[in-house]
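Handing you this structure, nothing more for now.
The values are calculated or read from the model by the stated rules, or taken from the named source; none is laboratory data. Remember, it's a predicted structure, so these values are computed and weren't measured experimentally. Neighbour counts are summed over all protein chains in view; Cβ atoms, including those assigned to glycine, are modelled from backbone coordinates with ideal geometry.
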Amino acid sequence: MAAPLTLVLIVAVTIRAVLFSSSLAEPLMERVEVVSPLNAWKRVVEGLALLDLGASPYSGDVFHETPLIIYLFHFVIDYADIVFMIADGITAVALYLAVQDYNKTVFRKQKYALEADRYPHDCLELIRTPKEMYYIPLKVALFYLLNPFTIFSCVAKSTCGLNNAVIALFILSTIKGSAFLSAVFLALATYQSIYPLTLFAPALLFLLQRLYIPVNFYRPSFWLFTLQYAVMYLGSLCVIVCLSFFLLSSWDFIPSVYGFILSVPDLTPNIGLFWYFFAEMFEHFRFFFICVFQINVFFYTIPLSIKLKEHPVFLIFMQIAIISIFKSYPTVGDISLYMAFLPVWSHLYRFLRNIFLVSCVMLACSALFPVLWHLWIYAGSANSNFYYAITLLFNVGQILLVSDYFYAFLRREHHLTHGLYLKRKDGSEATLVLK
Amino acid sequence: MGLLSDPNRRRALTNLLTRLNTPLCIVCYLAGVAWFMGLAFEPFTLRTYMSENAMGSTMVEERFLAGERALVTAREFAAQKKKMGGMPVDWLVKAMQARGLEVFTQSFSRTLPFPDENKERYMVHGTNVYGILRAPRAPRTEALVLSAPCTPGSSNNQAVGLLLGLAQYFRGQMYWAKDIIFLVNEHDLIGMQAWLEGYHHTNTTGMSWTPLEGRGGSIQAALSLELSSDIITSLDLVLEGLNGQLPNLDLANLFYAFCQKIGVLCTIQGKLQRNDWDSAAGYSQAVQTMLLMVLKQASGRPWGDHGLFLRYHIEAASIRGINSFRQYKTDLTTVGKLLEGMFRKLNNLLERLHQSYFFYLLPSLSRFVSIGYYMPAFGLLAAILLLLVGMREPFGPGVLSVLTPLIISHLTGVALYTLPIMAQQTAVEHFPVSETEAVVLTAIAIYTAGLALPHNTHRVLSGEGTEEGWRVLKLIAIFYMAVLLGCTALINFSLGFILALTLVPVAAFITPHVPRVLSALVMVLLSPGSTLLFSIFVYQELQEAPITLLEGWNLFLSVISQGILDHNLYGSLVYPLISLLVYPCWLLLWNILFWK
């Protein structure tokens, strides 16, 4: 399996290298769909210039990346292209390994369940076979590396690719069962963009499951491990933040990075939901609605964790998707990360209801983004409403996609316990309806 | 959400759509066409009105009286032009300086990718002369442009004369709050392109020009003047710009309002408005005017020197003097008054023209159809594609077998886009044709070769085509077409609509099981190339200058070369759109027909 992965990596790197040297790279760096004020390369360069002048990189209100990123590029600025390509490669390999391991776990569990005869007899067609699972890790890597969204994001040198790499490493270390590394990478991801904070719950659930500790509030072992993981997480977060402080010897970055993410002062259009609302809103209501919008990202963690506590990896997928939909400055790079997971759930295909419609909507929207941007900014004949309408549709498409997968997952689980061919009480064939 | 989540209701809806699919498609198509034709019917259109308050209620008294003197200047200019055998730059500079303007020149040169046989030019060298009248009343942050092209031969002398006359008159007035730039551009659009690029410090087309030495404020509006006779019978307004972009409707309203006030006959597309909308002749006149606008807009080329201003966010229009056999004549003084009035109103602008519509069609100068009214016509056609897509839920194997035709048809498209210009030298060496002919004929040859190519290759590469295979391919092709036409219609409604009119029926009926020869014939007749040919005949018919088949063919060839030139010179997007996207999409459908 290593050979096809190498091949995919080579193809991906070649495409990126060609695009880096083509004339496409320059305009891509300006596209609001691909870069946001948080992760634009131009801003990183500006921050570096300020740093080289001996000023605080945050003094110009242009740079909003974390101090670690700027110090990383301080040393490798000449090799920025390669860094971004490597980041994409790391993400793909990490996801590949993680999914491979996860599939093994899934298969083992399924085998035990089969041996224990826990599945209803008509569910045999839902049982997953090693043959269909064999290529899934490769498909995941393929989906990430050759997704046009990832490629654009990489060619535009959006630092989103680095965040994705950190999150992918976090997923890998979690699935490999290394609590310490998992906590460190989670802390790093949180440090980068706050929102991955919500991945704490699924990671904890997964590690608990791996150690066969039941989620039971009356068990001391549960509390012990939770405490242990939380301390590791908070400890490494603390270390990273303090390290940043010592690097710059100022706390400037806290308001400049986290304040910027949470209070959304920059209303440059992007593919997210924030900009239009807050451009239109009266200043008076701004604080209230910022709270409402931001809570969206964190709010779903609790019900989802309760519902999916047996399936933490699916929960990770859901959380990443929710983050990329509801975060304040989303870019297409964020979307590509959760899209890479879609092949993992390919066995849910038969239960998906709107996948065709949703993929059509998302493809059409991706084509319409540049067209409406052209009409609004360049031709001056359309206005922001046109662009926002497409943003809205795109996000509705994403939400439908995620909820469709959620429904399909739950439905499969339901069938695995209750049998595939459900009967009503009167004996007629029943259908499941989500209401 | 009920429809999305409840499987029973969904099934009911899908069944209904599947059962009624064919009648629904036919109804949608007919309704789309009927809606479009109905747009020109007067009760369905809106009366134009001035939206911009700054231009609305101000009373202006026009005092320009120097029409006769302008004619004298025009004759002098003509004599100088004849003597120089081209643009009399020095004379123009002196004339403008004598009228108190700050005068600058800009020289430019451009080698065309291949000779332009219509205008007989290949290596173009020229000079633009422009004079700036600085605003006495306000900081010089905004400007207006009045331009007149200096064309070879005896045309357009009066325009330059009037421009100089207006410059002299405007110089004496104190109320200007915006700089006024008087521009005489050589080699029509090429000169205009050089001047605009110089003014805005951009270089999008790789042209060489000397930088501008003097500059006014940001340009708010521009008028381009074309006059070739001492007296005129009517004034024609030209709005269509590059890529089908239109100026704000208020500019047309302004022109119309002043024509009404001063009592000049005004036309659009060369068609005079009729008052009897309820008669067949009146309706037919409106339809013809609107169809001409649609065809011109769809061509994506600038139809006057104003066409390139629109790209820089500047509202611009061309005003063309027409001298026909009518009784009622207008002299240059009146035209001057009209321009004076328009400039004084534009001078009052507090912000860019933005109040009125940017997306409209004009069945006459006093009536317009806004985007909300005409989009449904396209929407009904696009609905057919959505119905066809929505019906199927395919997938499964065969994605790879679909990939080959996709790649091959796009490679053909790339060849169609790049080869004609790259291969012209080789073609000229081996065949007895001129460069221009070589380019056009290569394009046509590749276009035709594309028909033979794809349906033979997919079998070689992927074995037997399956039933599932063509269904997936058709689904992809239809979805592709829906997105493509949708995007096109947003940018250039006319182009999108005309393409939809011919491509949608093909997409709807095509399967490998229809009678092959007949369908192939229908498909070729409805291909993008044939659409262009038909459009030429329709256009000539509407212009009341019908042509024979042979003339039509020659015109077809020259239109193709113009399209390629427009793309290379001004960055018009129609040629790349057709060759890189629409044609491959059509080839996919062609591929389905020959699926084995």
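So which residues in segment B:135-165 are part of a loop (DSSP other than H, G, I, E, B) and over 15 Å from B:Glu226 (Cβ atoms)?
Keep residues of segment B:135-165 that are part of a loop (DSSP other than H, G, I, E, B), which gives B:135-141, B:151-156.
Scanning segment B:135-165 gives B:Ala135, B:Pro136, B:Arg137, B:Ala138, B:Pro139, B:Arg140, B:Thr141.
Pairs only if they're at least six apart or on different chains, beta carbon under 7 angstrom, first in segment B:135-161 and on the phi > 0 side of the Ramachandran plot, second part of a strand (DSSP E or B); list them, first residue then second.
Listed by first residue and then by second, the contacts come to B:Asn156/B:Ala148; B:Asn156/B:Pro149; B:Asn156/B:Cys150; B:Asn156/B:Glu226.
Here's a follow-up. Looking at segment B:46-57, is at least one residue among the charged types (D, E, K, R), at pLDDT 85 or above and on the phi < 0 side of the Ramachandran plot? It would help to see each step written out before you state the result.
Residues of segment B:46-57 that are among the charged types (D, E, K, R), as a first pass: B:47, B:52.
Filter once more, so that each one left must be at pLDDT 85 or above: B:47.
Those left that are additionally on the phi < 0 side of the Ramachandran plot: B:47.
Among the residues of segment B:46-57, at least one is among the charged types (D, E, K, R), at pLDDT 85 or above and on the phi < 0 side of the Ramachandran plot, which makes the answer yes.
Across segment A:106-159, what is the number of residues that are within 26 Å of the chain's Cα centre (by Cα) and at positive phi?
Final tally of qualifying residues: 1.
Now for a different question. Report whether or not B:Gln297 is more than 14 Å from chain A (Cβ to nearest Cβ) and touching a strand residue (DSSP E or B) at 6+ places or on another chain (Cβ under 9 Å).
no
Moving on to the next point. For B:Ser527, are the conditions met, namely being more than 14 Å from every other protein chain (Cβ to nearest Cβ), small (Gly, Ala, Ser), closer than 30 Å to A:Val361 by Cα and out of contact with any His (no Cβ under 6 Å at 6 or more places or on another chain)?
Working: more than 14 Å from every other protein chain (Cβ to nearest Cβ): yes; small (Gly, Ala, Ser): yes; closer than 30 Å to A:Val361 by Cα: yes; out of contact with any His (no Cβ under 6 Å at 6 or more places or on another chain): yes.
When the stated conditions are applied, B:Ser527 passes them.
Right, something else. Hey, A:Val371 hits all of (1) among the β-branched types (Val, Ile, Thr); (2) facing chain B (nearest Cβ under 10 Å); (3) closer than 19 Å to A:Glu413 by Cβ but one; which does it fall short on?
(3)
Is it the case that B:Phe395 is surrounded by fewer than 22 Cβ atoms within 10 Å (Cβ to Cβ), of a type in the set (Phe, Trp, Tyr) and either touching a Leu at 6+ places or on another chain (Cβ under 9 Å) or modelled with pLDDT under 85 (or both)?
On the way: surrounded by fewer than 22 Cβ atoms within 10 Å (Cβ to Cβ): yes; of a type in the set (Phe, Trp, Tyr): yes; either touching a Leu at 6+ places or on another chain (Cβ under 9 Å) or modelled with pLDDT under 85 (or both): yes.
Considered against the rule, which asks whether it is surrounded by fewer than 22 Cβ atoms within 10 Å (Cβ to Cβ), of a type in the set (Phe, Trp, Tyr) and either touching a Leu at 6+ places or on another chain (Cβ under 9 Å) or modelled with pLDDT under 85 (or both), B:Phe395 comes out as yes.
In segment A:2-26, which residues are loosely packed, with under 11 Cβ neighbours inside 10 Å and more than 19 Å from A:Ile86 (Cα to Cα)?
Selection gives A:Ser23, A:Glu26.
Additional query: Somewhere in segment B:16-29, is a residue within 14 Å of another protein chain (Cβ to nearest Cβ), farther than 27 Å from B:Gly372 by Cα and either assigned to a helix (DSSP H, G or I) or modelled with pLDDT under 85 (or both)?
Restricting attention to segment B:16-29, the residues satisfying the condition of being within 14 Å of another protein chain (Cβ to nearest Cβ) are B:17.
Then drop every residue that is not farther than 27 Å from B:Gly372 by Cα, which leaves none.
No: segment B:16-29 contains no residue that is within 14 Å of another protein chain (Cβ to nearest Cβ), farther than 27 Å from B:Gly372 by Cα and either assigned to a helix (DSSP H, G or I) or modelled with pLDDT under 85 (or both).
Take segment B:200-210 and flag every residue that is free of Cβ contacts under 8 Å to residues at least 24 places away in the same chain and under 22 Å from B:Ala143 (Cα atoms).
Residues of segment B:200-210 free of Cβ contacts under 8 Å to residues at least 24 places away in the same chain: B:201-203, B:206.
Across segment B:200-210, the qualifying residues are B:His201, B:Thr202, B:Asn203.
Does segment B:62-76 include one or more residues that are without any contact (Cβ under 8 Å) to a residue 12 or more places away in the chain, part of a helix (DSSP H, G or I), aliphatic (A, V, I, L, M) and under 30 Å from B:Ile231 (Cα atoms)?
no
Turning to a different aspect of this structure: State the number of residues belonging to segment B:77-96 that are over 21 Å from B:Thr210 (Cα atoms) and touching a residue at least 24 places away in the same chain (Cβ under 8 Å). Don't jump to the end; show me each part of the working.
Keep residues of segment B:77-96 that are over 21 Å from B:Thr210 (Cα atoms), which gives B:77-85, B:95.
In the following step, the residues that additionally are touching a residue at least 24 places away in the same chain (Cβ under 8 Å) were identified as B:77-78, B:81, B:95.
Number satisfying all stated conditions: 4.
Restricting to segment A:337-361, count the residues that are part of a helix (DSSP H, G or I), more than 9 Å from chain B (Cβ to nearest Cβ), without any contact (Cβ under 8 Å) to a residue 60 or more places away in the chain and surrounded by fewer than 19 Cβ atoms within 10 Å (Cβ to Cβ).
Counting residues in segment A:337-361 that are part of a helix (DSSP H, G or I), more than 9 Å from chain B (Cβ to nearest Cβ), without any contact (Cβ under 8 Å) to a residue 60 or more places away in the chain and surrounded by fewer than 19 Cβ atoms within 10 Å (Cβ to Cβ) gives 3.
Tell me, please, whether a residue that is under 21 Å from B:Ala70 (Cα atoms), among the charged types (D, E, K, R) and touching a Gly at 6+ places or on another chain (Cβ under 9 Å) can be found in segment B:237-255. Break it down stepwise before answering.
Filtering segment B:237-255 for residues under 21 Å from B:Ala70 (Cα atoms) gives none.
No: segment B:237-255 contains no residue that is under 21 Å from B:Ala70 (Cα atoms), among the charged types (D, E, K, R) and touching a Gly at 6+ places or on another chain (Cβ under 9 Å).
If we only count helices (runs of 4 or more DSSP H) wholly inside segment A:49-160, which ones have 2 or more residues that are without any contact (Cβ under 8 Å) to a residue 60 or more places away in the chain?
On the way: elements: A:67-76, A:80-115, A:130-134, A:136-145, A:148-155.
Qualifying helices (runs of 4 or more DSSP H): A:67-76, A:80-115, A:130-134.
If we scan segment A:381-401, do we find a residue that is within 11 Å of chain B (Cβ to nearest Cβ), not polar (S, T, N, Q) and not in a helix (DSSP H, G or I)?
Yes, because at least one residue in segment A:381-401 is within 11 Å of chain B (Cβ to nearest Cβ), not polar (S, T, N, Q) and not in a helix (DSSP H, G or I).
Looking only at segment A:280-303, which residues are in a loop (DSSP other than H, G, I, E, B) and more than 12 Å from A:Thr198 (Cβ to Cβ)? Before you say what the answer is, go through the steps one by one.
Of the residues in segment A:280-303, the ones in a loop (DSSP other than H, G, I, E, B) are A:281-282, A:300.
Correct list: A:Met281, A:Phe282.
So that you can scan it fast, the table gives a plain yes or no per residue for (1) modelled with pLDDT of 90 or more; (2) outside any strand (DSSP E or B):
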position: B:Phe358; (1), (2): no, yes
position: B:Leu361; (1), (2): yes, no
position: B:Phe368; (1), (2): yes, no
position: B:Ala377; (1), (2): yes, yes
position: B:Leu386; (1), (2): no, yes
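Same structure again: Does any residue in segment B:430-453 that is in a helix (DSSP H, G or I) come within less than 6 Å, Cβ to Cβ, of a residue that is modelled with pLDDT of 85 or more and among the small types (Gly, Ala, Ser) six or more places away or on a different chain, and which pairs are these?
B:Thr436/B:Ser561; B:Val440/B:Ser561; B:Ile446/B:Ala415; B:Tyr447/B:Gly529
Go through segment B:238-251 and report how many residues are over 15 Å from B:Gly341 (Cβ atoms) and more than 10 Å from the chain's Cα centre (by Cα). Show your work before the answer.
Initially, segment B:238-251 is screened for residues over 15 Å from B:Gly341 (Cβ atoms), giving B:238-249.
With more than 10 Å from the chain's Cα centre (by Cα) added as a condition, the list becomes B:238, B:247-249.
Adding up the residues that qualify gives 4.
Follow-up. Please verify whether segment B:548-560 includes one or more residues that are charged (D, E, K, R), over 18 Å from the mean Cα position of the chain (by Cα) and either in a helix (DSSP H, G or I) or under 26 Å from B:Leu196 (Cβ atoms) (or both). Show your work before the answer.
Step one: filter segment B:548-560 for residues charged (D, E, K, R), giving B:551.
Checking which are over 18 Å from the mean Cα position of the chain (by Cα) leaves us with B:551.
Among the residues that remain, those that are also either in a helix (DSSP H, G or I) or under 26 Å from B:Leu196 (Cβ atoms) (or both) are: B:551.
Scanning segment B:548-560 turns up at least one residue that is charged (D, E, K, R), over 18 Å from the mean Cα position of the chain (by Cα) and either in a helix (DSSP H, G or I) or under 26 Å from B:Leu196 (Cβ atoms) (or both).
With respect to B:Ala489, is the statement that it is touching a Leu at 6+ places or on another chain (Cβ under 6 Å), within 14 Å of chain A (Cβ to nearest Cβ), in a helix (DSSP H, G or I) and not hydroxyl-bearing (Ser, Thr, Tyr) true?
On the way: touching a Leu at 6+ places or on another chain (Cβ under 6 Å): no; within 14 Å of chain A (Cβ to nearest Cβ): yes; in a helix (DSSP H, G or I): yes; not hydroxyl-bearing (Ser, Thr, Tyr): yes.
So B:Ala489 fails the test.
Looking at segment A:271-301, which of its residues are at pLDDT 90 or above and polar (S, T, N, Q)?
Across segment A:271-301, the qualifying residues are A:Gln294, A:Thr301.
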